[in-house]
Every structure is written in C-alpha cells, then in structure tokens.
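A short write-up of the structure that comes next.
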Amino acid sequence: MKVVFLGVGEACDERYPNVSIWLRNHAEGADRSILLECGFTVPPLYWRHVTDPNELDAVWISHFHGDHCFGVPAMLLRFWEMGRTRPLTVIGREGIESVIVSGMELAFPKFMSRFEYPLEFVEAAAGRDLHVVGHDWSFAENGHGQPDLAVKITDGNSSLFYSGDGAATPESLNLARGCGLVIHESYMLEEVTAGHATVRQNIEFAGKAGAGILALVHVKRDERRKRSEEILQLAASVRDIRVSLPEPGDMVEL
Ligand SMILES: [Zn+2]
Ligand SMILES: [Zn+2]
C-alpha cells in the first residue's frame, strides 16, 4: 500500500495545504486509488500527480468541515471536464450525500446533472464494517467539534488508521490497534485544546496501538511555524515507533 501525503495542514495555513492522503494499492486483482479528505486546497495537489480522469476509485470524508470536504466540487467538475465515465464512490458519515450534492449545487449550479459518471454514496458509521474498493473499512467516533469518524482501512496484509480531526477516544484507540501506520491529527505539541489532539498524546496513542509508524498531520499553523524543531526532536527521541512530521508529497510504503 502506497500512502502519499498530498497535504498535511490545518484549515487556514498559508504554507501547508489541507490534509489529504492518497492511497494506492493492488487489491483483489485491481489497482485501487483512494483519497482520504478533499478540502478546498486539495484538488490541484491531486492533479499534479494524475492525468487520467478515471484513476480515482473513492473519496473518504471524515467530517463536514470545509478543509476536509470543500474541494469535492472542483474535483467532480474536473472529472466531468476530462470525460470521466467510471463510477466514483464517496464514503462519509450520515449526511454525506446531501453535503456533497448541496456543496456541488452551491459551487457549480446544475452541473451535476451533466455528469457522465455515477456518484455512489456509502454511509459510514461507528461499528459498521464495510468492504469497499477492495478494502475492509471500519470506523470509530473521534473527539472533535464537528462529529468526526476515525477510519481503519486494511487490505488483509497492511492496515492504516487515520483519525480525521480531533482527540482520540477509547473507541478510536481500539480501532487503531494492530495498524502499522497511524496518521493522527496533531493540532498542538503539548497544550491540550478542546476537540483536538497533541503530539505527545499521539505518541502515547501510537504506542498503545502497537503502530510501527506515526504520522503527525493537521498541526496548527503557528505551532508548526514556531515549534517544528521541538516536534522533530521529540519525534526523534521516541523508540520503537517511527514518528514523522510529513511534508506535502512525502510517501510511506506499507
Ligand atoms: Zn481540519
Ligand atoms: Zn475539523
């Protein structure tokens, strides 16, 4: 499983685009491509890598904040402009279809009826296991201001956990157990903030989960500007887990 960090930032960072993780894998006899999150700064990052409008199989949206879902209209529009024909699966919590359809109508009124590719919406919920685009998916509620689902995706050999936004919960920790890669929102280094996680908490979380790699994403812009060195020093001091603060374009192979 190839994991590319297209974007790693929070909502309003002028230096780091919105967090978005692109998974590519060969599963059940086919190449699979899945985008985790599609915030307003994400579509150009994807299009720098891809020229085939049919390449993407599925988009996962963890919660309905703009830095996680407001890029979907531009993505869908460009698929249509480039002549996409394959169905696109959009997975997200209850309400995903109405959020995406109304977002599309607001951004590009009446264009959706002209699409020549179907959109297939799949509703995710904590405790509801799914099998979508050749992978097993499971979910847990995370602790964020806007209801957010953490997700575990596995191909039977490798598994990854991605928190979406927010602080860990007992349920999200259970979900993360056994995942080789934990990608966690890390808003602050150590200052506890309601609805967000810290780097220190996430190192403990990844240790409990037994992860080999922890990727810290969605760091608050001022925190990343002022405290990157401290974060990197702390990361380097951790034994048994490879802790990374990815830059846009970085890749991990599981
Ligand atoms: Zn966010
Ligand atoms: Zn959020």
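The figures follow:
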| quantity | calculated |
| --- | --- |
| Of all DSSP beta bridges in the chain, antiparallel share, percent nearest 5 | 55 percent |
| Phi to ³J(HN,Hα) by Karplus 6.51 cos²θ - 1.76 cosθ + 1.60 over the stretch 120-126, Hz, x for Gly, Pro | 10, 8, 10, 8, 9, 8, 4 |
| Separation in nanometres of the label points that stand 7 Å from Cα toward Cβ, at residue 12 and residue 112 | 2.9 nm |
| Folded to 0 to 90 degrees: helix 221-237 orientation relative to the chain principal axis, Cα | 60 degrees |
| Fewest-first ranking of 184, 218, 196, using other Cβ atoms within 10 Å as the exposure measure | 196, 218, 184 |
| Rg(Cα)/(2.2 N^0.38 Å) for the stretch 15-163, N = residue count | 0.99 |
| Surrounding net charge for residue 223, when Lys and Arg each add one and Asp and Glu each subtract one, Cβ distance under 11 Å | 0 |
| Nearest-ten-degree value, helix 72-81 long axis tilted from longest Cα axis of the chain | 40 degrees |
| Average Cα contact separation per residue, the chain, under 8 Å, 6 or more apart, as relative contact order % | 17 percent |
| The stretch 63-114 and the stretch 138-216: distance between their alpha carbon centers, rounded to Å | 26 Å |
| Expected 222 nm ellipticity per residue - DSSP helices of 4 or more, -39500 (n - 2.57), all of the chain, to 500 | -7500 deg cm²/dmol |
| Mean Cβ neighbour count within 10 Å, used as a protection proxy, ranking 227-235, 155-163 highest first | 155-163, 227-235 |
| Amide H partners (placed H, <5 Å) of residue 215, local residues excluded | 182, 183, 184, 244 |
| Lysine pairs with alpha-carbon atoms under 29 Å apart, the stretch 2-249, spacing 8 or more or separate chains | 7 |
| Under the Debye formula (equal points on every Cα, no solvent term), log10 I(q)/I(0) of the stretch 91-153 at q = 0.22 Å⁻¹ | -0.94 |
| Debye intensity ratio I(q)/I(0), log10, the stretch 1-82, q values 0.12, 0.16 Å⁻¹ (C-alpha model) | -0.32, -0.56 |
| Computed over the chain, Kirkwood Rh from alpha-carbon pairs, angstrom | 18.1 Å |
| Cut-off 14 Å between beta-carbons: net charge of the residues surrounding residue 1, Lys and Arg +1, Asp and Glu -1 | -2 |
| Degrees, to the nearest 10: 96-107 long Cα axis against longest axis of the chain | 70 degrees |
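Readers should treat all values here as calculations from the given coordinates under stated rules, not as data from a laboratory. These numbers come from a predicted model, not from an experiment. FYI the Cβ positions are ideal-geometry reconstructions off the backbone, even for glycines, and counts take in every protein chain you see.
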